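Peer 1: Encoded as structure tokens, here's the structure I'll be asking about.
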Amino acid sequence: MSEIEKHTIIQINKADNVGIVAESNGLREGTMLKNGIVLKQDIPMGHKVALADIMPDDPVIKYGVIIGYAKISITKGEWVETSKIMLPSPPDLDSISLHSAKKHDSDPLEGYTFEGYRNRDGSVGTRNVLGISTSVQCVSGLAEHVARKIKHELLPKYPNVDDAVALNHTYGCGVAINAPAAIVPIRTIKNIAQNPNFGGEVLVIGLGCEKLRPERLVSDSNGESDIFYMQDERFQGFQEMVDGAMELAEAHLKKLNERKRETCPASELVVGMQCGGSDAFSGITANPAAGYAADLIVKAGGSVMFSEVTEVRDAVHLLVPRTNDPEVGKALIDSMKWYDEYLQQGQADRSANPTPGNVGGGLSNVVEKAMGSIAKSGTSTIVDVIGPGERIRKKGLTFAATPASDFICGTLQLAAGMNMHVFITGRGTPYGLSMVPVIKVGSNSKLSNRWYDLIDLDAGPIATGKKSIEEVGWELFHMMLDVASGKTQVASDRLGLHNDLVLFNPGPIT
């Protein structure tokens with residue numbers, strides 16, 4: 001990263017004809033930069049300043065790539081506002097060549113461990129949680145009631161169990177259960193219950209008349225004895241239903257309470273990388289630092305997922321050459337094609353991303369956002385591509401095809417089997433999950449300082465040159481090990497800020 005003026009303007013690539021204002025209060029009109037450029041107007045923090053004259057239809061270049069074309073003349077020193085940039089065409093998926101990444105031998109990262117809960121199937125949890133899965137939204141009230149009752153009445157008897165969580169959702173009835181796309185929400189619900197943090201001990205609450213039969217949600221290692229039906233005629237009134245659910249729950253709690261933390265290699269970490277409420281610094285500071293940490297996890301033999309199809313679509317031509325096999329490259333392209341068609345069916349396109357908050361933080365369009373977003377994938381070879389709701393299959397770096405929506409992406413990464421979540425934000429969000437620890441990384445110090453008790457790690461010093469990407473990457477890596485071991489509590493857990501699960505349901509509602 002080269003600088004035009006230290007701590008003021010960031011030029012990411014020498015080919016860029018725009019720079020980023022790094023000052024927390026922005027820069028005022030008339031400010032002279034060290035290279036002699038005089039600002040033509042006030043420019044807010046994170047927004048772009050023209051480093052050269054840009055004529056109409058000329059490319060606007062950031063990250064060394066074309067993020068758009070000028071609609072009008074933009075003079076040197078002028079604010080490159082969103083309204084002045086045309087969105088370029090996306091990469092032609094059919095013209096991307098499929099070839100394997102060149103294999104580079106890198107020294108493995110050895111000797112790093114965390115204290116986790118090893119499961120019967122060999123997976124490792126970072127928490128010990130009783131999950132209460134549901135087959136239909138109708139029973140969510142009972143599931144929440146039972147979860148609260150367990151926390152107050154039963155958990156004190158089982159000190160090794162961290163929590164009891166209702167895995168509620170908005171699916172299960174009034175849906176075309178046999179439609180091809182229905183497999184997405186169904187496998188998501190089933191696979192969430194198999195997350196390693198639940199230790200294979202999940203109670204399923206069903207109503208009895210729903211289309212999504214609760215039996216479909218029981219894993220092979222469990223049986224129908226784990227299913228509780230509200231409509232069971234044995235129960236007379238609500239209290240008997242509650243008592244019956246509590247009895248089943250206690251049987252699971254007894255087994256979960258036998259779990260103990262043990263030393264596990266870092267290779268057992270399954271980390272979901274996600275960003276939300278992004279700003280212009282996300283792709284400069286926090287995402288590259290998260291990508292560096294992702295590379296460390298991969299070198300340690302662990303698993304990392306990155307996602308968000310619409311924030312990968314415009315950079316997919318840069319990612320296909322990183323796949324380890326032409327079939328993986330094809331799967332990556334196919335996941336983009338599937339989503340293109342999905343958006344077309346809804347009469348939408350990629351221009352619906354970014355959000356107003358992203359634009360307010362300096363991101364002009366989805367191309368600029370995508371170039372920063374993929375930085376959190378690091379530099380490792382992509383070994384697999386999984387569909388929405390599928391479980392992770394391989395060690396190394398995986399692309400999990402999900403929408404960019406924070407809540408849906410997090411839900412699908414949970415279903416994929418993550419036991420650690422890293423969430424990067426520049427604008428700020430209280431996002432958290434009760435099932436998996438979520439480390440929130442702030443992309444700029446202005447946010448991190450203002451939200452001092454909501455952000456776990458500040459990557460802002462990278463923008464000012466006080467820390468390097470590598471330093472913050474190592475900081476994040478060590479924090480992941482400490483959080484996974486239960487030694488460090490993340491802000492969202494300390495404050496009890498947890499989001500609901502949100503399914504991705506591309507199928508029809510009847």
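Peer 1: Working only within segment 216-234, note down all residues that are touching a Ser or Thr at 6+ places or on another chain (Cβ under 9 Å) and surrounded by fewer than 18 Cβ atoms within 10 Å (Cβ to Cβ).
Peer 2: Arg216
Peer 1: I would also like to ask the following. Of the conditions (1) surrounded by fewer than 19 Cβ atoms within 10 Å (Cβ to Cβ); (2) polar (S, T, N, Q); (3) over 19 Å from the mean Cα position of the chain (by Cα), Asn499 fails just one. Which one is it?
Peer 2: (3)
Peer 1: Report yes if some residue within segment 266-279 is under 30 Å from Asn365 (Cβ atoms), in contact with a helix residue (DSSP H, G or I) (Cβ under 9 Å, 6 or more places away or on another chain) and of a type in the set (Ser, Thr, Tyr); otherwise report no.
Peer 2: Let us first name the residues in segment 266-279 that are under 30 Å from Asn365 (Cβ atoms), namely 271-279.
Those left that are additionally in contact with a helix residue (DSSP H, G or I) (Cβ under 9 Å, 6 or more places away or on another chain): 271-279.
Those still in the list that are of a type in the set (Ser, Thr, Tyr) too: 278.
Looking through segment 266-279, at least one residue is under 30 Å from Asn365 (Cβ atoms), in contact with a helix residue (DSSP H, G or I) (Cβ under 9 Å, 6 or more places away or on another chain) and of a type in the set (Ser, Thr, Tyr).
Peer 1: As an exercise: evaluate Gly302 against (1) within 21 Å of Met371 (Cα to Cα); (2) touching a helix residue (DSSP H, G or I) at 6+ places or on another chain (Cβ under 7 Å); (3) modelled with pLDDT of 95 or more and give the number of the one condition it does not meet.
Peer 2: Answer for Gly302: the failing condition is (1).
Peer 1: Under the condition of being among the polar types (S, T, N, Q) and under 18 Å from the mean Cα position of the chain (by Cα), which residue from segment 352-375 is modelled with the highest pLDDT?
Peer 2: Our first condition is that a residue be among the polar types (S, T, N, Q); within segment 352-375, this holds for 353, 355, 358, 364-365, 373.
Subsequent filtering for residues that are under 18 Å from the mean Cα position of the chain (by Cα) retains 353, 355, 358, 373.
On the way: Asn353: 84, Thr355: 90, Asn358: 93, Ser373: 96.
Looking at residues that are among the polar types (S, T, N, Q) and under 18 Å from the mean Cα position of the chain (by Cα), I get Ser373.
Peer 1: In addition: Going by what's in this entry, would Gly283 be described as assigned to a loop (DSSP other than H, G, I, E, B) and surrounded by 17 or more Cβ atoms within 10 Å (Cβ to Cβ)? Talk me through it step by step, then tell me what you get.
Peer 2: Values: assigned to a loop (DSSP other than H, G, I, E, B): yes; surrounded by 17 or more Cβ atoms within 10 Å (Cβ to Cβ): yes.
Judged against the criteria, Gly283 is a match.
A quick yes/no check of all residues on (1) within 23 Å of Thr355 (Cα to Cα); (2) touching a Cys at 6+ places or on another chain (Cβ under 7 Å); (3) of a type outside the set (Asp, Glu):
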| residue | (1), (2), (3) |
| --- | --- |
| Met32 | no, no, yes |
| Leu39 | no, no, yes |
| Asp42 | yes, no, no |
| Asp57 | no, no, no |
| Tyr63 | yes, no, yes |
| Ile66 | yes, no, yes |
| Ser73 | no, no, yes |
| Pro90 | yes, no, yes |
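Peer 1: Just one of Ile192, Ile132, Ile186 is touching a Lys or Arg at 6+ places or on another chain (Cβ under 9 Å) and in the same structural domain as Phe235 (by TED's automatic domain parsing); which is it?
Peer 2: On the way: Ile192 fails: touching a Lys or Arg at 6+ places or on another chain (Cβ under 9 Å); Ile132 fails: touching a Lys or Arg at 6+ places or on another chain (Cβ under 9 Å).
Exactly one of Ile192, Ile132, Ile186 is touching a Lys or Arg at 6+ places or on another chain (Cβ under 9 Å) and in the same structural domain as Phe235 (by TED's automatic domain parsing), namely Ile186.
Residues are listed down the side, and each one gets a yes or a no for (1) modelled with pLDDT of 95 or more; (2) farther than 23 Å from Gly417 by Cα; (3) among the polar types (S, T, N, Q); (4) surrounded by fewer than 24 Cβ atoms within 10 Å (Cβ to Cβ):
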site	(1), (2), (3), (4)
Ala266	yes, no, no, yes
Gln274	yes, no, yes, no
Ala331	yes, no, no, yes
Gln345	no, yes, yes, yes
Arg350	no, yes, no, yes
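Peer 1: How do the pairs read when you match residues in segment 487-510 that are at positive phi with residues anywhere that are crowded, with 18+ Cβ neighbours inside 10 Å and in a loop (DSSP other than H, G, I, E, B), using Cβ under 9 Å and keeping only pairs 6 or more apart or on different chains?
Peer 2: Gly496/Gly432; Gly496/Ser434
Peer 1: Out of the residues in segment 367-406 meeting the condition of being assigned to a loop (DSSP other than H, G, I, E, B) and aliphatic (A, V, I, L, M), tell me which one is surrounded by the fewest Cβ atoms within 10 Å (Cβ to Cβ). Give the steps one after another, and end with the answer.
Peer 2: Within segment 367-406, the subset assigned to a loop (DSSP other than H, G, I, E, B) is 378-381, 387-395, 401-405.
Imposing the further condition that a residue be aliphatic (A, V, I, L, M) reduces the set to 392, 401, 404.
Values: Ile392: 21, Ala401: 24, Ala404: 26.
Looking at residues that are assigned to a loop (DSSP other than H, G, I, E, B) and aliphatic (A, V, I, L, M), I get Ile392.
Peer 1: Determine whether Glu390 is more than 12 Å from the chain's Cα centre (by Cα), among the acidic types (Asp, Glu), within 13 Å of Met305 (Cα to Cα) and assigned by TED's automatic domain parsing to the domain that holds Glu341.
Peer 2: Yes: the conditions hold for Glu390.
Peer 1: Listed residues Gly172, Gly206, Gly237, Gly244; which is in contact with a strand residue (DSSP E or B) (Cβ under 9 Å, 6 or more places away or on another chain), surrounded by fewer than 20 Cβ atoms within 10 Å (Cβ to Cβ) and of a type outside the set (A, V, I, L, M, F, W, C)?
Peer 2: Values: Gly172 fails: surrounded by fewer than 20 Cβ atoms within 10 Å (Cβ to Cβ); Gly206 fails: surrounded by fewer than 20 Cβ atoms within 10 Å (Cβ to Cβ); Gly237 fails: in contact with a strand residue (DSSP E or B) (Cβ under 9 Å, 6 or more places away or on another chain).
Being in contact with a strand residue (DSSP E or B) (Cβ under 9 Å, 6 or more places away or on another chain), surrounded by fewer than 20 Cβ atoms within 10 Å (Cβ to Cβ) and of a type outside the set (A, V, I, L, M, F, W, C) holds for just one of Gly172, Gly206, Gly237, Gly244, which is Gly244.
Peer 1: Take the conditions among the β-branched types (Val, Ile, Thr), more than 25 Å from Leu414 (Cβ to Cβ) and out of contact with any strand residue (DSSP E or B) (no Cβ under 6 Å at 6 or more places or on another chain) and apply them to Thr285. Does it pass? So that I can check it myself, show each step before the final result.
Peer 2: Details: among the β-branched types (Val, Ile, Thr): yes; more than 25 Å from Leu414 (Cβ to Cβ): yes; out of contact with any strand residue (DSSP E or B) (no Cβ under 6 Å at 6 or more places or on another chain): yes.
Considered against the rule, which asks whether it is among the β-branched types (Val, Ile, Thr), more than 25 Å from Leu414 (Cβ to Cβ) and out of contact with any strand residue (DSSP E or B) (no Cβ under 6 Å at 6 or more places or on another chain), Thr285 comes out as yes.
Peer 1: Got a sec? Which of Ile20, Ile54 is touching a residue at least 60 places away in the same chain (Cβ under 8 Å), among the hydrophobic types (A, V, I, L, M, F, W, C) and either within 23 Å of Thr285 (Cβ to Cβ) or not assigned by TED's automatic domain parsing to the domain that holds Ser443 (or both)?
Peer 2: Values: Ile54 fails: touching a residue at least 60 places away in the same chain (Cβ under 8 Å).
Exactly one of Ile20, Ile54 is touching a residue at least 60 places away in the same chain (Cβ under 8 Å), among the hydrophobic types (A, V, I, L, M, F, W, C) and either within 23 Å of Thr285 (Cβ to Cβ) or not assigned by TED's automatic domain parsing to the domain that holds Ser443 (or both), namely Ile20.
Peer 1: Something else about it: Could you tell me which of the residues Thr402, Thr425, Thr429 is closer than 19 Å to Asn191 by Cα and under 14 Å from the mean Cα position of the chain (by Cα)?
Peer 2: On the way: Thr425 fails: closer than 19 Å to Asn191 by Cα; Thr429 fails: closer than 19 Å to Asn191 by Cα.
Checking each option against the conditions leaves just Thr402.
Peer 1: For segment 107-126, enumerate the residues that are surrounded by fewer than 24 Cβ atoms within 10 Å (Cβ to Cβ) and within 28 Å of Leu503 (Cα to Cα).
Peer 2: Within segment 107-126, Arg118, Asn119, Arg120, Asp121, Gly122, Ser123, Val124 meet the criteria.
Peer 1: Check off (1) touching a Lys or Arg at 6+ places or on another chain (Cβ under 6 Å); (2) part of a helix (DSSP H, G or I); (3) crowded, with 21+ Cβ neighbours inside 10 Å for Leu363 and give me the number that stays unchecked.
Peer 2: Failing condition for Leu363: (2).
Peer 1: Quick check on my filter: what residues within segment 476-510 are assigned to a helix (DSSP H, G or I) and among the charged types (D, E, K, R)?
Peer 2: Pass one, segment 476-510, residues assigned to a helix (DSSP H, G or I): 476-484, 491-495.
Correct list: Asp482, Asp493, Arg494.
Peer 1: Within segment 460-474, is even one residue touching a Ser or Thr at 6+ places or on another chain (Cβ under 8 Å), outside any helix (DSSP H, G or I) and not assigned by TED's automatic domain parsing to the domain that holds Asp163?
Peer 2: Initial filter on segment 460-474 (touching a Ser or Thr at 6+ places or on another chain (Cβ under 8 Å)): 460-464, 469, 472.
Filter again for outside any helix (DSSP H, G or I), leaving 460.
Checking the rest, the ones that are also not assigned by TED's automatic domain parsing to the domain that holds Asp163 come to 460.
Yes, the conditions are met somewhere in segment 460-474.
Peer 1: Right, something else. Of all residues in segment 424-459, which are more than 21 Å from His478 (Cβ to Cβ) and assigned to a helix (DSSP H, G or I)?
Peer 2: Result: Lys446, Leu447, Asn449, Arg450.
Peer 1: Which condition breaks for Ser267 when tested against (1) polar (S, T, N, Q); (2) within 23 Å of Ile386 (Cβ to Cβ); (3) not in a helix (DSSP H, G or I)?
Peer 2: (3)
Peer 1: Looking only at residues in segment 18-72 that are surrounded by 13 or more Cβ atoms within 10 Å (Cβ to Cβ) and of a type in the set (S, T, N, Q), which one is farthest from the chain's Cα centre (by Cα)?
Peer 2: Thr31
The values are calculated or read from the model by the stated rules, or taken from the named source; none is laboratory data. From a predicted model like this one, the values you see are computed outputs, not experimental measurements. All Cβ positions, glycine included, derive from the backbone under ideal geometry; neighbour counts span all protein chains shown.
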